[in-house]
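FYI, it's all coordinate maths here, none of it is from the lab. These figures come from a predicted structure and were not determined experimentally. Because the Cβ atoms are built from the backbone with ideal geometry, glycine has one as well, and the counts that use them run over all protein chains shown.
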Amino acid sequence: MSGATESVLPAATIGRRIAEVDILRGFALFGILITNVTVATVLWSFDGTRDAPRPHYQGTVDQIVTGIVDALFSGRFYLLFAFLFGYSFTLQIAAAQRAGASANARLLRRCAALMAIGLAHVFLLWIGDILTLYALLCLILILLRKLRPRTALITGAVLYVLWCLWAFVPGPAGGGDVYQELGRLIDLPALREGYTGSFTDTVDVQLSLAPAFLLLTWVAQGVTSLGLFLIGMAAGKHGLFEDGETLDRWAPRVLAIGLCLGLPISMVTFANSVGWLNAPWWWVGVQELVNPVMTFAYIAGIVLLARAPRTAPAIARLAPAGRMAASNYIGQSIVMMVLYTGYGFALADKVPPAGVIGLALLTYMAQLALSAWWLRDHRYGPVEWLLRAATYLRVPAWRNSDHVRAKRD
């Protein structure tokens, strides 16, 4: 960090939203939703005994659906969210600089608010919460915020690769089925009884599991998320999404390289998931190493669609959901818990994976529509409003008309 300088975003960025970032956040919400509902409903529907748990749905169609999620979604979209968090981190710094305020103070307050929201989320709604992890890692990012873009990029990539090497270590440290590993620690059939029981049963199991899963998320995703935070910060310091020439030149290459490298490996992962072949134990490490390549291919693909005249209007519909990504992330957990646990209909062991995906698609479409409707009259989503209040230590305008009135006054 010695002698490092902090890059400032291009002048064109200052004072306006970045359409590509909002669109990518909206797209990330889709992938996170598909991943979370698949993992949750499988986790909450095991049959058998503690010593011999077995998935409730094991039919051909069930395996194909979960195989597709393993091959195209799992391990990719949390990296996309992490990259965008790192990019947005630079926007927060730029906003503080424009206002002549302390960036560190603002960021620390934002971290504290994010941690509070995340703790409520993980204890009451979804044990796979990432907000608490982001709040912790943001503290590290504050310490590293003066890294040069090149140094941040290299550091992030090295952190990611080094962590992935654990998957190549034979034995318990190495790769394996995540549910088998969880089954060593948790009574999975009992978990099903808790989550598909009464409201009180669900609350009890949620509160009892939250601390362990909080730690599990920090350990399993902490280093890799920090790596993508740093890569996103490097991209933000370069103002990547404001440089149309660079996007037009590099996006097609990133898309082609990512798909050419990532899709064949993902096809093997899919075949292994559905039982069509038996991949070696270390294959999970290969897939983990390639996940960010696929993530950046997804980014490139969405950027190209957003910049193409024919597809731009359609893809822009993702932007409102991305503008209130934190609210939608919490909203997805509420819907998931109401549908699949004792908080509501307790359908975790009654809806097959294909039905789970169908309901997730309906949920996402509803979020796109509701986000566009909400932002017609409001400047921020509810959670974004709370985060902004904590960050700036003032009550933000609630409605668009309130903002206009405040500017006139």
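Cut-off 15 Å, label point 7 angstrom out along Cα-to-Cβ of Ala120: give me the residues of region 330-357 whose amide nitrogen falls inside. Output list for this probe position: 330-334. Couplings 3J(HN,Hα) for region 362-367, derived from phi with the Karplus relation 6.51 cos²θ - 1.76 cosθ + 1.60 (θ = phi - 60°), are 5, 4, 5, 4, 5, 5 Hz, where x marks Gly and Pro.
At 222 nm, what value in deg cm²/dmol follows for the chain if DSSP H runs of at least 4 each add -39500 (n - 2.57) and the sum is divided by all its residues, to the nearest 500? Don't skip to the answer; put the middle values down first.
On the way: 17 runs with 292 residues, N = 409.
Here the helix-only value at 222 nm equals -24000 deg cm²/dmol.
The calculated FRET efficiency for the pair Asn104 and Ala212, based on their C-beta separation and a Förster distance of 30 Å, comes to about 0.40.
Size estimate for region 273-387 follows the Kirkwood approach: the inverse of mean 1/r over distinct Cα pairs works out to 17.3 Å.
Counting Cα-Cα pairs of region 218-285 in 10 Å increments starting at 0 gives whole-percent bin shares of 16, 27, 34, 18, 4.
Please compute the contact order of region 11-377 in relative form: average sequence separation of alpha-carbon pairs under 8 Å and at least six residues apart, divided by the residue count, as a percent. Kindly include the intermediate steps, with their values, before the conclusion.
Numbers: 497 pairs, mean separation 122.5, N = 367.
The normalised contact order for region 11-377 reaches 33 percent.
Taking Cα centre as origin and charging only the Cβ of basic (Lys, Arg, +1) and acidic (Asp, Glu, -1) residues, the dipole magnitude of the chain rounds to 1840 debye. Per-residue Cβ neighbour counts within 10 Å put Val122, Val65 in the sequence Val65, Val122, beginning with the fewest.
If each residue's Cβ is checked for other Cβ atoms within 10 Å, how do Asp204, Asp377 rank with the fewest at the top? Working shown, then result.
On the way: Asp204 14, Asp377 11.
Ascending number of Cβ neighbours within 10 Å: Asp377, Asp204.
Assuming 1.002 mPa s and 20 °C, estimate D for region 66-211 with Stokes-Einstein, Rh taken as the Kirkwood radius over Cα pairs, in µm²/s. Can you show the working numbers first?
On the way: Rh = 18.4 Å.
Reported coefficient: 117 µm²/s.
From the Cα gyration tensor of region 28-149, with a ≥ b ≥ c the square roots of its eigenvalues, which class applies: rounded if a/c is under 1.5, or else prolate if a/b is larger than b/c, or else oblate? Verdict is prolate for region 28-149. Extending 7 Å from the Cα toward the beta-carbon at both Gln58 and Met267 defines two label points whose distance is 2.9 nm.
Could you calculate the contour length gain from Gln97 to Ser198, that is, 0.36 nm times the residue separation minus the distance between their Cα atoms, to one decimal place in nm?
Details: separation 101, 0.36 × 101 = 36.36 nm, distance 5.09 nm.
Roughly 31.3 nm would be gained on extension.
For the chain, the equivalent ellipsoid derived from the alpha-carbon gyration tensor has semi-axes of 34, 26, 21 Å in decreasing order.
What is the calculated FRET efficiency for Leu139 to Phe168, with r their C-beta to C-beta distance and R₀ = 30 Å, to the nearest 0.05?
Details: r = 30 Å, r/R0 = 1.00.
Once rounded, the FRET efficiency stands at 0.50.
Over 14 Å apart: what share of the alpha carbon pairs of region 333-402 falls there, rounded to a whole percent? That fraction is 69 percent.
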